[in-house]
Every structure is written in structure tokens, then in C-alpha cells.
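Asks: For reference, the structure I am asking about is given below.
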């Protein structure tokens, strides 16, 4: 795909939704920078690769106005691009290397599986499928789990979580390889601090993915809520107020509930 | 650890399985419980896209970590794709692995803690790893604690596929999240006789639970055993799934079965006595028995024994013995006890002889099992 302004390879794609109408533009990196599509002026926070650069959602016009006639798609509503829109969403995404990926659109970049192939076997091909097969897979997962879309519960220890089995699990194992409990606890506390930052970044990425989906599906209210959550997370990263992992409250519940007496967890 | 402790040895077949020992708490209805966790390793495709080399790579990585995980006093490892058919069937009958793992010749493995066989880890079944704990009675919290601890010890040296959004990543998205399946096996003969088992199945389905038979299939439940398990794996923590089963669902169904048993005795005593009496008669006198009719008859004899009906309390074995017979009359166990291969007709004969001996305490030549033991013969 060629840049709308200079015919170089387009690697930055902007979708603007204004007054319910959608317009896209596709530009190269240099033109994107000239247009201020990313960088501090676009309000973007630290970015992970292969994801939206600036999920900015404002009630005002976003960034520099689209020059009349340059925006593809149906943005023409007679008001011109300078008018004050009620709700404008601008989503800018960047794919590295433009045309260097041979995978089909909608296929997993790890193993090549498509949703059509998945529907035949009902089995995914690799962990990457969960990222790449997008909204169709996510909505199937939600349907099977009564609307739930996010994991709650045990997570691997390397992310800084306490083991969900707690003391009861230790007693239950008859083994000569008993861990050094005190040393393990110290290490887990240090790991938790490292894990928190990793976890916040990961949660941020998940929120951004969902924001992309919501905008593409024109679910504006949901998109606004997700934008607010993202802003809170960004504030935490900037000020260093990263809280202990959300799993802690469940871990406490889990430990209490897993005594061999079988007390009910809350 | 001697070969006698291998799960496919004839000693193990004669001894039965730990999860069929019966439980002290609610043991009249609750038989056993199981917790299963599904995990996959990063760096390998899921099994539908995995080559034999990938599968061997997964097995190598898992075996290396098993060697230092300290999961039990001893750990047996089996390359399942190299096991003979009878051994595979024995492992399936003992609930140590699934029918799916027993099928096919692609590289796959199984680890089992010895001697109690309480933990088993399937490698390259539907997911790279399936960690399972099976215990007798209503021990679901302990089964979860053991399975989770084993999971932690394996994960300490393996890169497990996990995402903060979707949780533990599985080959089938219906398992994603906690990847946990918790189930309790109940003996529900009265609910089956009264027809109310269908209500239980519908209510369970409404609550997002599944109800399956002895070996997990959808067919008529063998021996009136029913496994109730969670279906949903995402969006609810393990403690909540555990609490719901342990504190709400199972106690409710247990009470329901007990009420159904009381009603049978109060309102249809002659009918239920007749059914239990006929079942006991079959076990005492038949000379040929199929597995299905044996399990049905054992179920009714157990019910009769618990309700003191039709002389069922006078069988020569205790409740644990009756439950173990449910396993020992299965085709592979029967042949391992007999220590020879048998065709279907031979198995029907041997099954009838085995059951008759256990129920009546008499051997085929007229001696009792007590006399045989005194003479130095090991009764079957």
C-alpha cells in the first residue's frame, strides 16, 4: 500500500471516526511524523511493537485536520474537517516492515492457522493464535464462558504470584525436595515487584487490543471506558505507583479455602 | 521400588486403585474426586501443529523437570507410544490416563507417582501437559492443593504459555483461563432408578456443569457412577470453582440421593428389595458375566448392603472390596489378575468366577477363601 501523500510504502494507518462516519488514511513514517500522528504531541505513551500507537479519544478534533479530499472513505458530511465533532476517535496503528510479512490477513503469525481452519478442528495451533485470531476467537471464548473475557485466578510464580496451593499444598506433597520456604518467600517478594511492572505492561497491551477492536466495531462507549482505564494505568507507570498484583486478594482467598478442612473460599 | 508397584502389574490389579477405597465422609454416595490442570509450553506449537520432533522436545523438557520436581517418593515414566495395548488399557481403566492418550503412535508420555498413583501427568494428549490428582472420597481441596503444587514445581523449570488476558493457554479455547477441570464421582443408584437423575443432569447443565459416566463418556452410566464437573474455565478463580462444587453442588446432590434412597425403602420396599436380591443372585450364581451387567449388579448390591436389604449385607467383602470389583472386572484388569490373555468368552467365565468368589467367599472347589489361604494358596 502506498502513502497517501508521497507514494512511499505506507506503514502507518489512521482510522478516524467522526459523527459516526469512518475515514482512513495510510501514510509512510516520515509523513506520519510530519502530520504529528505519533510522538509526544499525539499524547501517546510508551508503545509496544505491533500495536496501536495512540488510541486517543477526545471530544475535540484530534491532531492536525485531515486535508479536504485526502481522507479515504466516507468522511464527507458537509461540515468540513474543521468543525467541532461530538465524539471523535482516532486510531493509529503501525506494522513494522510494511509488506515483508507473507502471512494471510487474519492468520496466526506463529503457525499460519486461520479461523476457518480452527472451525474445522476446534483446536488452535500455537500460543500466538490467541493474539492473532482476534475478535472472532475472543467472542467465541466469551460465549463459552458466559460472557467472561479475562482470566481470573492462578498465575505462574515467575510473574510474582504466591503459589495458589499455599501451605496445604506443601504438606500434601511427600517429597525429599522441600523448598527453602524463607528464601523462597524473599525471592517471591522481589519477583512480585518485577512482576508487577511486567503485569501492568501486559494488562495495558490487553486493554489496547480491546480498544482497537471496540473502535473497529464502532462500540464507542466501550472504547471510551477502555481509554479511561488505559489512562489510569499510564499514570501508574509514570508516577511509579504500581500496586501489588491484582492476584493477591485471590491468593489470600485461595489459601484460606484450600485447607484440608475444605473451608469455603469467599 | 519393585515392579509390583508399577500400575500395570498383576499385584496392582489385585490391589485395586487408591481412589476406590471409599471415603469416611459421605462415603455412601461420594466415591472419589479429581482435579486436572491443562498447560502448554512456550516455544512449541500446540499438538495439532506439532511434528514428532516437537513432541519429543516437549517430552524431553518435561522429563528433565520431573526428575528434579520431587513429586513423590518415586515417579514412574512411560513412553505411552511404546507401551503394548494391554498396558495402555490398564492405565485407562485405572483412570491414570484418558482414552485419547492411549490411542495412536505419536510420541506421548505419562508420569505417575508411586506407590499411591495419586498424581499422574499426561504429556502430549490434547495439551502438552495435563496434571491430574485423583483421590478417594470428598477430598477435593486436597486434590486441588496437590495438583497445584505439582503445577508450581513443573513450572519452576518450564516456560508455560500464559497470557494476562486469557490465562493459561490451551489448544482448545474451551479450556483456556484456569485450565482446570474439577470433578467428583458419585454413586447415584436411587436417582437413576427413580428417573430423577435426568433432573440432576438438567440442573447441572443449567449451572454450567457437566455430568458424565464412569469413564467420562455420554452413554448410560456404568454402575450408576456419575461424575459432576465444572465446564467453565475462564473468569472465575479456582477457589470459587472448588467452593461451589465442594460446598454447594455435591452436598445438594448427596442429600438428593439419600432422600431418593429413603423414598425407595418407604414407598417401594418390595420393588427395591427385589431388584437388589436379583442383583445379588446374579453375582452369586452366574457362570458367565459381561462387564456391563456386572457393574449394574454390583451397584444394586452395594445399595442393598447400605440399606440392609435382601441379604446384601452378608456379602463376603466390605464396601471397599465391592468398589474395587468395579475396576477389577474390566477387561484389562481381569487379564492381568488372571496373568494370561483371554478372549471374550474366557473373560466372561473368569469374571463370573472372580465375582462369585468375592461375594460368597467360596472357591470353585467348594473351599472357602479362608481355608485356601490357610493351605498356602493365594485366592484370586
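The values are calculated or read from the model by the stated rules, or taken from the named source; none is laboratory data. Everything quoted here is computed from the prediction, not taken from an experiment. As a convention, Cβ positions derive from the backbone with ideal geometry for all residues, glycine included, and neighbour counts pool all protein chains shown.
Asks: State whether the residues of region B:210-228 include one that is over 22 Å from residue B:322 (Cα atoms), within 14 Å of chain A (Cβ to nearest Cβ) and crowded, with 16+ Cβ neighbours inside 10 Å.
Replies: yes
Asks: Could we say that residue B:207 is within 30 Å of residue A:140 (Cβ to Cβ), within 14 Å of chain A (Cβ to nearest Cβ) and at pLDDT below 90 here?
Replies: Numbers: within 30 Å of residue A:140 (Cβ to Cβ): yes; within 14 Å of chain A (Cβ to nearest Cβ): yes; at pLDDT below 90: yes.
Yes, satisfied.
Asks: Just name the residue that is nearest to the other protein chains (Cβ to nearest Cβ) out of those in region A:120-137 that are in contact with a helix residue (DSSP H, G or I) (Cβ under 8 Å, 6 or more places away or on another chain), farther than 19 Å from residue B:38 by Cα and surrounded by fewer than 18 Cβ atoms within 10 Å (Cβ to Cβ).
Replies: So, considering only residues that are in contact with a helix residue (DSSP H, G or I) (Cβ under 8 Å, 6 or more places away or on another chain), farther than 19 Å from residue B:38 by Cα and surrounded by fewer than 18 Cβ atoms within 10 Å (Cβ to Cβ), the one nearest to the other protein chains (Cβ to nearest Cβ) is A:136.
Asks: Separate question: Out of region A:125-150, which residues are within 18 Å of residue B:159 (Cβ to Cβ) and without any contact (Cβ under 8 Å) to a residue 12 or more places away in the chain?
Replies: Listed by number, the list holds a single entry, A:130.
Asks: So for region B:188-195 (the condition being in contact with a strand residue (DSSP E or B) (Cβ under 6 Å, 6 or more places away or on another chain), farther than 30 Å from residue B:67 by Cα and at pLDDT 95 or above), does at least one residue qualify? Don't jump to the end; show me each part of the working.
Replies: Going residue by residue through region B:188-195, those that are in contact with a strand residue (DSSP E or B) (Cβ under 6 Å, 6 or more places away or on another chain) are B:188.
Next, from what is left, pick out any that are farther than 30 Å from residue B:67 by Cα: B:188.
Within this subset, residues satisfying the condition of being at pLDDT 95 or above are B:188.
Among the residues of region B:188-195, at least one is in contact with a strand residue (DSSP E or B) (Cβ under 6 Å, 6 or more places away or on another chain), farther than 30 Å from residue B:67 by Cα and at pLDDT 95 or above, which makes the answer yes.
Asks: Next question, about the same structure. Quick one: would you say residue A:163 is modelled with pLDDT of 90 or more and either more than 7 Å from chain B (Cβ to nearest Cβ) or surrounded by 19 or more Cβ atoms within 10 Å (Cβ to Cβ) (or both)? I'd like the intermediate steps shown before the answer.
Replies: On the way: modelled with pLDDT of 90 or more: no; either more than 7 Å from chain B (Cβ to nearest Cβ) or surrounded by 19 or more Cβ atoms within 10 Å (Cβ to Cβ) (or both): yes.
The answer is no for residue A:163.
Asks: Here's something else I'd like to know. Restricted to region A:22-44, and to residues that are in contact with a helix residue (DSSP H, G or I) (Cβ under 9 Å, 6 or more places away or on another chain) and surrounded by fewer than 17 Cβ atoms within 10 Å (Cβ to Cβ), which residue is modelled with the highest pLDDT?
Replies: If we take residues in region A:22-44 being in contact with a helix residue (DSSP H, G or I) (Cβ under 9 Å, 6 or more places away or on another chain) and surrounded by fewer than 17 Cβ atoms within 10 Å (Cβ to Cβ), then A:36 is modelled with the highest pLDDT.
Asks: Further question on the same structure: Within region A:115-154, work out how many residues are modelled with pLDDT under 90 and not in a helix (DSSP H, G or I).
Replies: Looking only at that region, the number is 6.
Asks: Collect the residues in region B:72-82 that are at pLDDT below 90 and buried (at least 16 other Cβ atoms within 10 Å of the Cβ), keeping them in residue-number order.
Replies: The one that is at pLDDT below 90 and buried (at least 16 other Cβ atoms within 10 Å of the Cβ): B:72.
Asks: Test residue B:180 against the stated conditions and say whether it is buried (at least 24 other Cβ atoms within 10 Å of the Cβ) and more than 16 Å from the chain's Cα centre (by Cα).
Replies: Details: buried (at least 24 other Cβ atoms within 10 Å of the Cβ): yes; more than 16 Å from the chain's Cα centre (by Cα): yes.
Here the answer is yes, as residue B:180 does meet what is asked.
Asks: Another question, if that's okay. Considering only region B:1-27, how many residues are under 17 Å from residue B:320 (Cβ atoms) and buried (at least 17 other Cβ atoms within 10 Å of the Cβ)?
Replies: 11
Asks: Looking at region B:39-138, what helices (runs of 4 or more DSSP H) fall wholly within it and have at least 3 residues that are over 21 Å from the mean Cα position of the chain (by Cα) and either more than 22 Å from residue B:184 (Cα to Cα) or more than 11 Å from every other protein chain (Cβ to nearest Cβ) (or both)?
Replies: Values: elements: B:52-69, B:85-93, B:99-102.
Fully inside region B:39-138 and qualifying: B:52-69.
Quick grid of which residues meet (1) assigned to a helix (DSSP H, G or I); (2) in contact with a strand residue (DSSP E or B) (Cβ under 8 Å, 6 or more places away or on another chain):
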{"site": "B:249", "(1), (2)": "yes, yes"}
{"site": "B:259", "(1), (2)": "yes, no"}
{"site": "B:264", "(1), (2)": "yes, no"}
{"site": "B:270", "(1), (2)": "yes, no"}
{"site": "B:288", "(1), (2)": "no, no"}
{"site": "B:299", "(1), (2)": "yes, yes"}
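Asks: Test each condition in (1) more than 8 Å from chain A (Cβ to nearest Cβ); (2) surrounded by 24 or more Cβ atoms within 10 Å (Cβ to Cβ) for residue B:157 and report the one that comes out false.
Replies: (2)
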